[in-house]
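Okay, structure first, notes after.
The values are calculated or read from the model by the stated rules, or taken from the named source; none is laboratory data. Predicted, not measured: the structure shown is a model, and the values here were computed from it. Glycine gets a Cβ as well: all are built from the backbone with ideal geometry, and neighbour counts include every protein chain shown. Side chains included, ligands, DNA and RNA excluded: accessible areas come from the protein's heavy atoms. Shrake-Rupley method; radii C 1.70, N 1.55, O 1.52, S 1.80 Å.
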Amino acid sequence: MRRLVTARSGLVAGVLAALLVTGACGDSTAATGAAGVVPEGAPITIGVSTVATGPLAINDQVTKGLNAYFAYRNANGGIDGRQVELDVVDSGGTVAGGATSVRQLLASDPFGVFVLSTAPFTGAQSVLKNDPETPVFVLANGSLVKAAGLPNTFGMFTDYTTESFVGIKTLADQGRKKLALVYDPTIGEDAAKNAPAEAAKYGVEIVDVPVPATTTNFAPVAQSIAAAGADGIVFQVVAQSIAGTMKAVQNSGLALPAVSYSGQLNATTLELGGSAIEGMYFSALFPLVTDPSPAVQEFDREIARLAPDAATVLGILGWNTGAMIEQAVKDADATGELTQASFMTALRGLGGKSVGVLEKVGWTEDVVSSIDAGRTDVFSLYQVRDGQFVKVGA
């Protein structure tokens, strides 16, 4: 695996984005004193297993957002006087790469580790089980993080199953009675297993329509939806599959309301879907990058300066991970000592609070496997109107 980025301390406010992806490897981990205490003013190193190459390289926008956050904070005094440094290794988006990259990062004794995407986290689990003291942030389906059973892991994205429940309720509230769950088997098996019982609460029936990410002919998908007599669609698939299915449904003469999870709340989905996804709903926990709130405007201003290609939903997710790390460090410092243990206690205490761009962190003291912690009430709802996402409710 190849180390890609180290966000060194002392970055100045005018640093160019190009400087954020160069530099020496992580050779300055957070120095710890007695009982693992991080001395006042000592730097903090976060190891990042990113996906900079391969078909899932879009996830590297998360790392760029995180890097930009700490470049900005470091240039303005750091966190309680501490500089934060990133040591980034590319996993290539594979299971094997996840294991190798995390093993390499842990060898440098970082304060914490961030693992991006499903396959690398799957591979990294066997390595992480041997280091229960290091806080681990994960960008993956919350169901996967929960199933790993690692007490030191914190899910930074949503639980896709919970989001399917949001979709079911949205369409049930519109009087729909039979919903097609169109899902990618690699990410939606848990939703397919649990959606029927959830739908039954509203007197709604679920019809499973598995659609692998490799699907290119969507006419049979539309035919399956029509044959089942579905009057609405809940999606858990990639943007290409949303667009292909909705176009095929439109071509068949059907007009069905649909809801997707927040992973596809981006410009690519709008471009691919065109008029076929007009009126479609999307659940979301993270706000759009165009949101007028002061926190999002701060992100928009700084990301344009430091990493303009990360001015995306994924970029804002990375940025907000930085905000959550900062808040937990401050809260731990307030107890008198910063250790990995006090830091993780502080992270669990962020649940219900407004942190960064999030109006409410969904975590509870007991559930931190997904940023929503299995709660549907922390999601917002967007609808495509005139080719744009418009917030229509919570």
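How many angstrom lie between the Cα centre of the range 339-364 and the Cα centre of the range 67-133?
The range 339-364 and the range 67-133 have Cα centres spaced 19 Å from each other.
How much solvent-accessible surface does Y202 expose, in Å² to the nearest 10, with a 1.4 Å probe and all protein chains in place?
For Y202, the solvent-accessible surface is approximately 80 Å².
Have a look at P151, T170, I187 and report the one farthest towards the positive end of the charge dipole of the range 140-194, computed about the Cα centre with Cβ charges (Lys/Arg +1, Asp/Glu -1).
T170
Please report how far the C-alpha centroid of the range 209-238 lies from that of the range 173-207, rounded to the nearest whole angstrom.
When both Cα centres are located, 13 Å separates them.
How much accessible surface does D386 have with a 1.4 Å probe, in Å² rounded to 10?
140
Which entries of K146/K247; K169/K330; K129/K193; K330/K391; K146/K201; K146/K177 show an alpha-carbon separation above 29 angstrom in the structure shown?
As for pairs spanning more than 29 Å Cα to Cα, those are K146/K247; K169/K330; K330/K391; K146/K177.
Skipping prolines and chain starts, which residues have an amide H placed within reach, meaning under 5 Å, of the one on V207, given they are 5 or more residues away or on another chain?
L179, A180, L181
Provide the per-residue ³J(HN,Hα) series for the range 93-108, in order, calculated from phi with Karplus coefficients 6.51, -1.76, 1.60 and θ = phi - 60°, each as a whole number of Hz, with x at glycine and proline positions.
x, 10, 4, 4, x, x, 5, 5, 5, 5, 4, 5, 5, 5, 5, 8
Sequence-distant or interchain residues sharing an amide H contact under 5 Å with S380, placed H: which?
It is A284, L285, by chain and number.
Under the rule a/c < 1.5 gives rounded, and otherwise a/b versus b/c splits prolate from oblate, where does the range 173-229 land using the Cα gyration tensor?
Judged from the Cα gyration tensor, the range 173-229 comes out oblate (a/c at least 1.5, b/c at or above a/b).
The list [x] 30, 22, 21; [y] 34, 25, 20; [z] 38, 21, 19 gives values of semi-axes √(5λ) of the Cα gyration tensor in Å, and only one came from this structure; which label was calculated from it?
Working out semi-axes √(5λ) of the Cα gyration tensor in Å from the coordinates points to [z].
Does anyone have the angle between helix 160-172 and the longest principal axis of the chain? Alpha-carbon axes, 0 to 90°, nearest 10?
For helix 160-172, the angle is close to 40 degrees.
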